[in-house]
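Structure, as structure tokens:
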Amino acid sequence: MNVIEIKPITGRINTVIRVPGSKSYTNRALITTALADGISAINNALFSDDTSYMASCLNSLGIPVEERRDTNTFIVNGKGGCIPAEKANLFVGNAGTAMRFLTALLTLGYGVYEIGGVERMGQRPIQDLLEGLNQLGAEVKSKFDNSCPPVIIKGKGLKGGKAIVNGDLSSQYFSALLMVSPYAEHDVTIEVKGDLASKRYVDMTIDLMGKHGVTVENIGYKRLLVKSGQRYKTISYEVEGDASAASYFFAVAAITGGRVRVEGVGKDSLQGDVQFADVLNKMGCHVDRGKDWIEVSGRALHGIDIDMGDMPDVAQTLAAVAVYVKGKTRVRNVKNMRIKETDRIAAVAKELRKMGISVTEYEDGFEIEPSMPKPAEIETYDDHRMAMSFALIGLKSDGIFIKNPECVSKTFPDYFQLIEKLRE
């Protein structure tokens, strides 16, 4: 396994970075354009493991997706809600969005389909989505009856009606249901049981559906209504920069006391992770925003107690910053981090303790008591966000090594190259 050392940065950073397109929007757009009738373009798309799995699976289903990597564009020849293939065995690696969105998409087909992934994918729960789809007239099940992938779909079209789905584990279940609902035979009502996690991702889904001319009625994140018979129009869609990717460079400014402007994502973004800049502002950073950029300037930092329920994917980024602030930092309401690429709460605690950092682990988060990190070799658990966030600690402390840095190809293949450019 490859291991790299992250060298501390000397001098003050003052730079502008452009991050790749949003993974969340790219994978949503691949589904919605696949459902449209005709040719659509997805521009400034993210090309990474997760989006490649999605594109490859759509091609296997008879929905042509052309990759134009030189211009970061996908050209999708949508089939108007039809799934040409009557049989398929799909592999999505550890791409949770692809697994959940494709499971819902395949219920519109007529045939038998199986979708699975790597070993970790077989431990990531999907039962709430399966139950939601079955309530709408689908026939889907966990192959091994363990509430996790692989999933078997017996496609016979989607009837529609009403589904009641637990809201606390993953907003992706709701996004998956929403995107296919216009093609159900009858209107769809999705009721949220409990509180909906990561609401901003559902906002993103509804926003993208609207760009295709499809409307969703959102009643306080408790009930979501989609009229049957709506159809996605073909579009030329510009993907905004990835706010999760941007968080690492905001954190660079915070940790080093420098200034970093990230272009490609701005003040009006619906991405929940764009709020990470606000978190850093609360900790003492100065933040400026424009239509297409956000800039963070580092200052003296203090710990905070914060609910990150709408931005769990940047909780690890905050953990890296929390090492270098004054006072404790408590992260709450991120229980769903435990069902991501790894159990991210446990992983954060274990790897910080390797560095001599005191961490208290809770079911829904963690508390970090800052101190100067000791040299350590960081296990990344094949989790791109562990590699990217813990590398940040090495920008200010000697002796930080990252194992399996290649895992960042899941969402940000050029991450370490951009980190190195900060030294120029």
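The values are calculated or read from the model by the stated rules, or taken from the named source; none is laboratory data. The shown structure was predicted, so the numbers you read here are calculated from the model rather than taken from an experiment. Here the Cβ positions follow ideal geometry from the backbone for every residue, glycine too, while neighbour counts run over all protein chains shown. For the accessible areas, the whole protein counts, side chains as well, though only heavy atoms, and no ligand, DNA or RNA atoms are used. Shrake-Rupley method; radii C 1.70, N 1.55, O 1.52, S 1.80 Å.
The table that follows gives values for the structure above.
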{"item": "Degrees between helix 23-35 axis and first principal axis of the chain (Cα, 0 to 90, nearest 10)", "result": "10 degrees"}
{"item": "The stretch 145-187: trypsin sites (Lys or Arg not before Pro) in DSSP coil with no more than 15 other Cβ atoms inside 10 Å", "result": "Lys159"}
{"item": "The stretch 354-420, relative contact order in percent, only Cα pairs under 8 angstrom and at least six apart counted", "result": "27 percent"}
{"item": "Ranking by accessible area, most exposed first, for Lys227, Lys87 with a 1.4 Å probe", "result": "Lys87, Lys227"}
{"item": "Loop-located trypsin sites (Lys or Arg not before Pro) in the stretch 289-368, at most 12 other Cβ atoms within 10 Å (DSSP)", "result": "Lys291"}
{"item": "Cleavage-rule hits, trypsin sites (Lys or Arg not before Pro), the stretch 12-46, DSSP coil, Cβ neighbours within 10 Å at most 14", "result": "Arg12"}
{"item": "Cα gyration tensor, the stretch 270-424 - rounded (a/c under 1.5), prolate or oblate", "result": "rounded"}
{"item": "Separation between Cα centres of the stretch 187-262 and the stretch 77-129, rounded to whole Å", "result": "21 Å"}
{"item": "Listed residue (Tyr113, Val76, Pro182) projecting farthest to the positive dipole end of the chain, Cβ model", "result": "Pro182"}
{"item": "Apportionment of accessible area to carbon and sulfur, the stretch 345-424, percent (1.4 Å)", "result": "49 percent"}
{"item": "Net charge contributed by nearby residues that have their C-beta within less than 9 Å of Gly272 (K/R +1, D/E -1)", "result": "-2"}
{"item": "Whole-percent carbon and sulfur share, accessible surface of the stretch 39-119, 1.4 Å", "result": "47 percent"}
{"item": "Whole-number percent relative contact order across the stretch 245-296, with pairs defined as alpha carbons under 8 Å at least 6 apart", "result": "44 percent"}
{"item": "Electrostatic dipole magnitude of the chain [Cβ: Lys, Arg +1; Asp, Glu -1; Cα centre; debye, to 20]", "result": "340 debye"}
{"item": "Cα shape, the stretch 100-213, gyration tensor, a/c 1.5 rule", "result": "oblate"}
{"item": "Accessible solvent surface per residue of the chain, calculated while the other protein chains remain in place, 1.4 angstrom probe, Å²", "result": "37 Å²"}
{"item": "Heavy-atom accessible area ranking, 1.4 Å probe, most first, across Thr256, Thr107", "result": "Thr256, Thr107"}
{"item": "Local net charge near Leu352, Cβ-Cβ under 15 Å (Lys/Arg +1, Asp/Glu -1)", "result": "+1"}
{"item": "Relative contact order of the chain, pairs being alpha-carbon contacts under 8 Å that are 6 or more residues apart, as %", "result": "17 percent"}
{"item": "Thr15, Thr103, ranked by accessible area, largest first (probe 1.4 Å)", "result": "Thr15, Thr103"}
{"item": "Dipole magnitude of the stretch 6-67, debye to nearest 20 (Cβ charges: Lys/Arg +1, Asp/Glu -1, about Cα centre)", "result": "520 debye"}
{"item": "Under 13 Å, Cβ to Cβ, from Val118 - net charge with Lys/Arg +1 and Asp/Glu -1", "result": "-3"}
{"item": "Proximal lysines relative to Lys421, as straight alpha-carbon distance under 26 Å, when same-chain residues fewer than 8 apart are discounted", "result": "Lys7, Lys23, Lys267, Lys291, Lys374, Lys396, Lys403, Lys410"}
